[in-house]
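> Take a look at this one; I'll ask things after.
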Amino acid sequence: MHTSGWSARAGDDPNEDAAGVLGRVAVVLDGAGVPARFRAGCHHSVAWYSHALAARLLRHAQDDGLPLSAVLARGIAEVRDLHAHECALERGGPSATVVMVRVGGEELEHLVLCDSSLLLERRGGRVERLTDERIEQVVRVERTAEAIEARRNAPGGFWVARHEPEAAQQAVTGSTPLAALRAVHLVSDGVTRAIDLLALHDAGSLARALREDPEGVLRDLRRAERRLPEEGRPRKVHDDATVLTLLPELWGEQGAGPGGAER
């Protein structure tokens, strides 16, 4: 499967995004940078969690008999079992958003959990952004970090990959004919802030820019973040940003990692 991409750290800390490609499967995970008090039961880092889960998703998704939601549930359970004996996960632990795709026959299967996104660039020019908007719905109505956290992985709230395998059943899933696709972009929300925070792009222009000038997207993103006025800045001025771009006309059976280096 032909891929290109990059993953850029927000600063000097470890990159909490994780991405990879194995055979016909690609994944991007965005480790949730929540305050440490909300993951007080675990001494493992967010980066450890996102990378451990990404590796297991890539491996289990090689089994075409497993739906992607089952792949995610198995991966969450395995990572939970790696540290449940030494961590008090009921007091909170690291978590991550997930975007995963798999080529199966003439279809591209997809799974999206929480606010990372999948940009489907169709041959006719239309771009469809697939994401899970429940976290944004919660943030709009809750006023404190504690209230938002109380609705994480709870009925009526929002769902992420953490230590509850049942979260996988809440993911957005579906499939698209391969013949309809020009390019597919798996992106963390550090990339889609170019749409949602910085107003540099809409979904269509971002998808085209990622295909034609991915380095320029990163350059423009960081420049716009630095120029945000003090009163308009989010808690994190810069965010880890990761993209994997898949080009159907060049897809083969051999897997590869991201084409760009980490920055």
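Yes/no per residue for (1) aliphatic (A, V, I, L, M); (2) surrounded by 21 or more Cβ atoms within 10 Å (Cβ to Cβ); (3) part of a loop (DSSP other than H, G, I, E, B):
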| site | (1), (2), (3) |
| --- | --- |
| P155 | no, no, yes |
| E166 | no, no, no |
| Q169 | no, no, no |
| G174 | no, no, no |
| G190 | no, yes, no |
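> In the list L197, L181, L206, L186, which residue meets the criterion of being under 19 Å from R102 (Cβ atoms) and over 14 Å from the mean Cα position of the chain (by Cα)?
None of the others qualify; the one that does is L181.
> Out of contact with any Gly (no Cβ under 8 Å at 6 or more places or on another chain), without any contact (Cβ under 8 Å) to a residue 60 or more places away in the chain, among the charged types (D, E, K, R) and within 27 Å of A52 (Cα to Cα), is that true of D115?
No: the conditions fail for D115.
> Consider D115 against the criteria (1) out of contact with any strand residue (DSSP E or B) (no Cβ under 8 Å at 6 or more places or on another chain); (2) under 28 Å from H43 (Cα atoms); (3) among the charged types (D, E, K, R); (4) part of a loop (DSSP other than H, G, I, E, B): it satisfies all of them except one. Which criterion is unmet?
Condition not satisfied by D115: (1).
> Still on this model: Answer with yes or no whether L130 is of a type outside the set (F, W, Y), surrounded by 15 or more Cβ atoms within 10 Å (Cβ to Cβ) and in contact with a Pro (Cβ under 9 Å, 6 or more places away or on another chain).
no
> Only one of these conditions is not met by D64: (1) surrounded by fewer than 17 Cβ atoms within 10 Å (Cβ to Cβ); (2) assigned to a loop (DSSP other than H, G, I, E, B); (3) within 21 Å of the chain's Cα centre (by Cα). Which number is it?
(3)
> Which of the residues that make up the stretch 192-207 are under 26 Å from E106 (Cα atoms) and surrounded by fewer than 18 Cβ atoms within 10 Å (Cβ to Cβ)?
Matches in the stretch 192-207: G204 only.
> Hey, among V101, V138, which residue is touching a residue at least 12 places away in the same chain (Cβ under 8 Å), part of a helix (DSSP H, G or I) and touching a strand residue (DSSP E or B) at 6+ places or on another chain (Cβ under 6 Å)?
Selected residue: V138, the only one of V101, V138 that is touching a residue at least 12 places away in the same chain (Cβ under 8 Å), part of a helix (DSSP H, G or I) and touching a strand residue (DSSP E or B) at 6+ places or on another chain (Cβ under 6 Å).
> Are any residues in the stretch 73-85 charged (D, E, K, R) and either in a strand (DSSP E or B) or without any contact (Cβ under 8 Å) to a residue 24 or more places away in the chain (or both), and if so, which ones?
Within the stretch 73-85, E78, D81 meet the criteria.
> A further question on this structure: Quick one: in the stretch 141-151, which of the residues that are outside any loop (DSSP other than H, G, I, E, B) and free of Cβ contacts under 8 Å to residues at least 60 places away in the same chain is surrounded by the fewest Cβ atoms within 10 Å (Cβ to Cβ)?
Going through the qualifying residues, I end up with V141.
> State which residue pairs qualify: first residue under 17 Å from G11 (Cβ atoms) and inside the stretch 212-233, second residue part of a loop (DSSP other than H, G, I, E, B) and β-branched (V, I, T) in any location, beta carbons under 7 Å apart, and separation of 6 or more residues or different chains.
E225/V237; L228/V237
Any read-out appearing in this document is the output of simple, stated calculations on the displayed coordinates, not a laboratory observation. What you see is a predicted model; the values in this text were computed from it and never measured. Virtual Cβ from ideal backbone geometry, glycine too; neighbours counted across all protein chains shown.
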